[in-house]
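One structure, pasted below without further comment.
The values are calculated or read from the model by the stated rules, or taken from the named source; none is laboratory data. The model shown is predicted, which means the values in this text are computed figures rather than measured ones. Every residue, glycine among them, receives a Cβ derived from its backbone with ideal geometry; neighbour counts consider all protein chains shown. Remember, those area values only see protein heavy atoms, side chains included, never the ligands or the DNA or RNA. Shrake-Rupley method; radii C 1.70, N 1.55, O 1.52, S 1.80 Å.
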Amino acid sequence: MKHEIKLYGAIDGYWNSAEEIIGNIPADAKEITMRIHSPGGSVWEGVAIYNALRDHKAKVTTIVEGYAASIASVIMLAGDVRKIHKSSMVMIHNPWAMTGGNAEELRKVAENLDVCAEAIVGIYEDRTSMSKDEITDLMESESYFLGEVATDRGFSTEVINDAEAETKIAAMLTLDKFVAQTKETKMSKQKTRKEVEADLLAKDEELVQARADLDELKSASDASVIEAEAKHVEIVDAVKAELVTAQAELKTANDAIVAFEAKIVEADEAKAAVDAELVTAQAEIVTVKADLDSAKETLKNPAVADALISNAKIKAQAQADAEADDAEAKAEAEADDGEPKDIVDKYERMPQGAERQKFWSDNKKEILACMDKRGAE
């Protein structure tokens, strides 16, 4: 059983989808012929059609009648026999997408396009006579091949002479033949050439509009990038200001730590001094205790105790007399608000102590002379 498909127009999820194309192929078909005139479309819809045709048990023949561009060039490679008219064309290029979004989303789109390109390059490498590097270069430069060149590069297995093909095509497109083929293959959705040309014109208009929409999206994207950069600068400035504040706070904290550490050192030094004084005091306590114990032992002898008490009384009396003299001299000095009358008066007004003794030593002759003078008067 023979089955024929026309793949005319774009390939996507709505027109010429994988489900539509493959779903109409009978499972018991022995031969499948696909006539191609397509600008391409969805990569994964096209890959699905390619794989489904490759997996089918029927003999598959693909014929490029107008052009097989983009993913349509992959679908043509599904044929066991691949024919192309001398004036028909194959176009290959790197996959592209119309999209929008932030930088992260655009990076993901770019990564997905790399995956698509990898899948396409693998199919070209398997089904044509070209190397991977050659394919990659041709895709990057967006390359076009007419029938004979496409055959030389391995996209097709034979070139159809256009003069001979005209008779066959005319016969195929007679009304009776077309109706018979439609009933046989159940491809009621196939269109006439005029309808296809109208669809292609509409597709071209859609492409123009899509490009206009892409330019608009690009402008909006550029504005978004400018806004994002402004926000980035604002955020960076805010972070820098916070960093300056944090550095100032850190310096203040470090200064406080240094001051605290200095106080700790000072406290440690004070503690060491107190510890030293404590050791000295403890030693003095030991000495005083020893003296006290010795005194207690001494006082057990009544004669010694009496002598000590007598000496203590004498010392106490002498100290009391000295304090009384000092008090009297102080009182006299306070009672006399005027200047000392003479050097003897000045000496007598001075309190007992080292200063008075030094004054006596320095002025002894003068003081004695003044006293003699007072006695003569």
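With θ set to phi - 60° and the Karplus curve 6.51 cos²θ - 1.76 cosθ + 1.60, what are the ³J(HN,Hα) couplings of segment 8-21 in order, to the nearest whole Hz, using x for Gly and Pro?
Each residue of segment 8-21 in turn: 10, x, 5, 10, 7, x, 10, 10, 6, 6, 4, 5, 5, 5 Hz.
Return the long-range amide H neighbours of SER17 (sequence gap of 5 or more, or a different chain), with a cut-off of under 5 Å between placed amide H atoms.
Placed amide hydrogens put ASP12 under 5 Å from SER17.
Applying the Karplus parametrisation 6.51 cos²θ - 1.76 cosθ + 1.60 with θ = phi - 60° to the phi angles of segment 39-53, what ³J(HN,Hα) value in whole Hz is obtained for each residue in order, glycine and proline being reported as x?
After applying 6.51 cos²θ - 1.76 cosθ + 1.60, I find x, x, x, 5, 4, 6, 5, x, 5, 4, 4, 4, 5, 5, 5 Hz.
Would you mind getting the accessible area per residue of segment 1-143, heavy atoms of the protein chains only, 1.4 Å probe, in Å²? Don't skip to the end; give the middle numbers.
Details: 6760 Å² over 143 residues.
Per-residue accessible area for segment 1-143 comes out at 47 Å².
Order the peptides 350-357, 128-135, 255-262 from the highest to the lowest mean number of other Cβ atoms within 10 Å of their residues.
The most tightly packed comes first, giving 128-135, 350-357, 255-262.
For LYS365, LYS2, give the ranking by accessible area with the largest first, probe 1.4 Å. Write out the running numbers ahead of the final one.
Working: LYS365 175, LYS2 130 Å².
Result of the area sort, largest leading: LYS365, LYS2.
Next question, about the same structure. What FRET efficiency comes out for ARG107 versus ILE264 if R0 is 56 angstrom and r is the Cβ-Cβ distance? Round to the nearest 0.05. Can you show the working numbers first?
Details: r = 55 Å, r/R0 = 0.99.
Rounded to the nearest 0.05, the efficiency is 0.50.
Follow-up. For ALA69, list long-range residues whose amide hydrogen, built 1.01 Å from N in the peptide plane, is under 5 Å from its own amide hydrogen.
It is SER38, GLY40, MET91, by chain and number.
Between ASP342 and ASP137, how many nm apart are label points set 7 Å from Cα along the C-beta direction?
13.4 nm
Sorted by accessible area (1.4 Å probe), largest first, how do ARG54, ARG107, ARG127 line up?
On the way: ARG54 90, ARG107 130, ARG127 50 Å².
I get ARG107, ARG54, ARG127, largest accessible area first.
Can you run phi through the Karplus equation (6.51, -1.76, 1.60; θ = phi - 60°) for segment 97-112 and list ³J(HN,Hα) in whole Hz, with x for Gly and Pro?
After applying 6.51 cos²θ - 1.76 cosθ + 1.60, I find 8, 9, 7, x, x, 7, 4, 5, 5, 5, 5, 5, 4, 4, 5, 5 Hz.
Among PRO95, VAL74, ILE63, which residue has its Cα furthest toward the positive end of the charge dipole of segment 62-107, with +1 on Lys/Arg Cβ and -1 on Asp/Glu Cβ?
It is ILE63.
Still on this structure: I need the chymotrypsin sites (Phe, Trp or Tyr not before Pro) found in segment 46-139, filtered to DSSP loop residues with at most 14 other beta carbons within 10 Å of theirs. Intermediate values should be presented prior to the final figure.
Numbers: sites: TYR50, TYR67, TRP96, TYR124; in loops: TRP96.
Passing sites in segment 46-139 are TRP96.
List the residues whose amide H sits under 5 Å from the amide H of GLY79, counting only those 5 or more places along or on another chain, with H placed 1.01 Å from N in the peptide plane.
THR62
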